[in-house]
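See structure below.
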Amino acid sequence: MVNGYMPNTLEDALKIRRENEVVLYAGGTDLMVRKEESIPYLFLNLIPKLQEVTEDKETIYIGAACIYSDLLQNKVIPDILKKSIATIASPAIRNAATIGGNIGNASPAGDTLPVLYALDARLKIRTLDSEKEVNIKDFIIGPKKTILEKDAIIEQIIIPKKRADIPFYYQKVGARKADAISKLSFAGIYQLENGRLTDFACAFGAVGPTVIRATSIEQMLLGKTMEEVRNLIDDVINQYSLVINPIDDQRSTAIYRKKVSLNLLGDFLQVICNAKE
Amino acid sequence: MSDCIHFILNGESVDADVPGTARLLDILREYFKLTGVKCGCGEGECGACAVLINGKLRNSCMVAMGSLEGCSVMTIEGYEKTEKFAVVEKAYGKAGAVQCGFCTPGMIMATEALLSKNPHPTDSEIREGLSGNLCRCTGYNMIVEAVMTAAKEGAGLW
Ligand SMILES: Cc1cc2nc3c(=O)[nH]c(=O)nc-3n(C[C@H](O)[C@H](O)[C@H](O)COP(=O)(O)OP(=O)(O)OC[C@H]3O[C@@H](n4cnc5c(N)ncnc54)[C@H](O)[C@@H]3O)c2cc1C
Ligand code: FES
Ligand code: FES
């Protein structure tokens with residue numbers, strides 16, 4: 001007898017999830033590191049619907065079990081997201097690991113997360129008889145902690161195109177090029193119209209219990225001219241230094257993480273000030 | 001739940017009565033006695049356990065058996081029987097790309113995965129393609145050269 005469930009449809013998966021205690025298994029690249037064999041897996045990798053990417057005029061819908069190597073090939077996927085995915089692990093891991101697994105795992109060092117926070121991504125959460133959308137920043141509540149209910153599955157990641165089609169800035173700092181978990185990472189997007197900053201968002205990875213995004217600081221910059229932005233740079237960096245609280249761990253130190261994150265923020269703000277519309 | 005996991009292993013249809021949570025790596029080595037697949041790290045970081053699943057490079061230490069239902073798995077033991085392997089083997093030998101040999105089965109599966117997608121890779125594409133495979137002996141340059149040679153000598157095969 002095989003202890004595992006291998007459904008081919010989302011409906012069957014949701015039914016199994018409601019009736020049994022299971023662990024959701026998408027690509028297994030987080031689960032298999034800390035192998036937990038007592039609870040059966042509910043395999044999501046055989047459900048075609050969870051591997052689809054679709055779009056309409058204003059929105060991109062990414063199936064939660066899409067693997068990274070497929071997303072890298074898909075022209076609908078925003079470049080900033082591709083840039084972060086290309087830094088993840090190695091080809092063999094990218095052939096298994098999924099974007100939904102990165103969210104479900106909820107590590108502050110998850111590399112798609114700062115991008116998804118900056119893009120204001122929402123998650124479509126399904127149970128057998130309900131469906132809701134949650135902003136990613138409300139879904140992840142701590143390291144490895146989400147608000148996912150026991151009978152729920154993330155079905156889709158929903159990205160507004162208004163955010164996906166504008167200029168971006170992304171940097172990941174790790175110990176080496178391949179197979180390196182982030183020491184820290186930074187994702188930013190912006191839009192200039194008629195000499196003013198009309199959209200601005202940024203998010204910091206691996207420098208707090210969750211990805212950090214501070215919309216109140218972002219507000220300070222909205223509507224400002226390039227000259228005004230330039231004059232605000234120091235102030236903005238100071239504001240962010242109050243909300244970034246990294247820790248020391250085996251990958252890096254709190255001091256390094258904070259310093260480099262703020263340097264990247266400064267660089268991003270310079271890029272904006274020097275940008276042509 | 002089902003009774004068995006059905007999949008294709010090196011071209012043959014198999015039914016494995018094993019736990020869905022078991023690692024493919026352990027099942028290949030201990031149940032199917034395919035010991036060309038090595039365990040280096042057990043954490044997805046070294047590529048010594050690499051196999052092809054539906055033609056794609058995967059680390060078998062990171063694969064739970066239940067995810068394989070209906071899939072096709074190829075290990076070095078299956079690949080060994082192909083014409084492409086003969087070309088890759090010769091190229092690795094010529095370049096001196098094998099020393100202790102522990103990384104070699106995984107390197108060769110990564111080589112196949114790369115060439116099947118990109119028959120004429122550049123130096124940096126080869127390094128990217130093999131970036132998940134660690135070698136403690138060769139310093140990598142000989143392996144990169146071996147892949148270059150295989151691409152040249154095997155022109156038309158991939
Ligand atoms: C060698 C190696 C290198 C790595 N490098 C990086 C890196 O550079 N950057 C990085 O961010 N990560 C990295 N990782 C971690 C991992 O690959 C990613 O987090 C990946 O996105 C996880 O996806 P998965 O499908 O494999 O997740 P799984 O292991 O299948 O699942 C992870 C968690 O998410 C839950 N889950 C999965 N799918 C869903 C769903 N649809 N709905 C609700 N919950 C769900 C699972 O129950 C589990 O708790 C690395 C891992 C390894 C082994
Ligand atoms: S043993 Fe699987 S990657 Fe190292
Ligand atoms: S030849 Fe020894 S590890 Fe590569």
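The values are calculated or read from the model by the stated rules, or taken from the named source; none is laboratory data. Only a predicted model underlies this, so the values are computations on that prediction, with no experimental measurement involved. Neighbour counts are summed over all protein chains in view; Cβ atoms, including those assigned to glycine, are modelled from backbone coordinates with ideal geometry.
Restricting attention to segment B:25-36, the residues that are among the β-branched types (Val, Ile, Thr) and within 13 Å of chain A (Cβ to nearest Cβ) total 1. When A:Leu148 is tested against (1) part of a loop (DSSP other than H, G, I, E, B); (2) away from ligand 1 (no atom under 12 Å from the Cβ); (3) in contact with a Gly (Cβ under 9 Å, 6 or more places away or on another chain), only condition (2) is not met.
Where residues in segment A:182-201 are in contact with a helix residue (DSSP H, G or I) (Cβ under 6 Å, 6 or more places away or on another chain) and of a type in the set (Ser, Thr, Tyr), which of them is farthest from A:Asp120 (Cα to Cα)? Looking at the filtered set, the residue picked out is A:Ser185. Among the residues of segment B:93-103, those identified as surrounded by fewer than 18 Cβ atoms within 10 Å (Cβ to Cβ) and away from ligand 2 (no atom under 16 Å from the Cβ) are B:Gly93, B:Lys94, B:Gly96, B:Gln99. The condition of being in a helix (DSSP H, G or I) and either in contact with a helix residue (DSSP H, G or I) (Cβ under 6 Å, 6 or more places away or on another chain) or surrounded by fewer than 18 Cβ atoms within 10 Å (Cβ to Cβ) (or both) holds for B:Lys90. For A:Glu36, the conditions (1) surrounded by 14 or more Cβ atoms within 10 Å (Cβ to Cβ); (2) at pLDDT below 95 are fulfilled apart from (1). Residues of segment A:117-132 that are surrounded by 24 or more Cβ atoms within 10 Å (Cβ to Cβ) and touching a residue at least 60 places away in the same chain (Cβ under 8 Å): A:Ala118, A:Leu119. Among the conditions (1) modelled with pLDDT of 95 or more; (2) away from ligand 2 (no atom under 16 Å from the Cβ); (3) surrounded by fewer than 16 Cβ atoms within 10 Å (Cβ to Cβ), B:Glu145 misses just one, which is (3). Taken together, B:Gly106, B:Gly129, B:Gly78 contain a single residue that is touching a residue at least 12 places away in the same chain (Cβ under 8 Å), surrounded by 19 or more Cβ atoms within 10 Å (Cβ to Cβ) and within 12 Å of ligand 2 (Cβ to nearest atom), which is B:Gly106.
Only one entry in B:Gly132, B:Gly139, B:Gly101 is over 21 Å from B:Gly156 (Cβ atoms), assigned to a loop (DSSP other than H, G, I, E, B) and more than 13 Å from ligand 3 (Cβ to nearest atom), namely B:Gly132. Only one of these is surrounded by fewer than 23 Cβ atoms within 10 Å (Cβ to Cβ) and among the small types (Gly, Ala, Ser): A:Ser107, A:Ser182. Name it. A:Ser107 is the lone residue from the list that is surrounded by fewer than 23 Cβ atoms within 10 Å (Cβ to Cβ) and among the small types (Gly, Ala, Ser). Listed by position, the strands (runs of 3 or more DSSP E) inside segment B:38-79 whose residues that are under 10 Å from the mean Cα position of the chain (by Cα) and more than 9 Å from chain A (Cβ to nearest Cβ) number at least 3 form an empty set.
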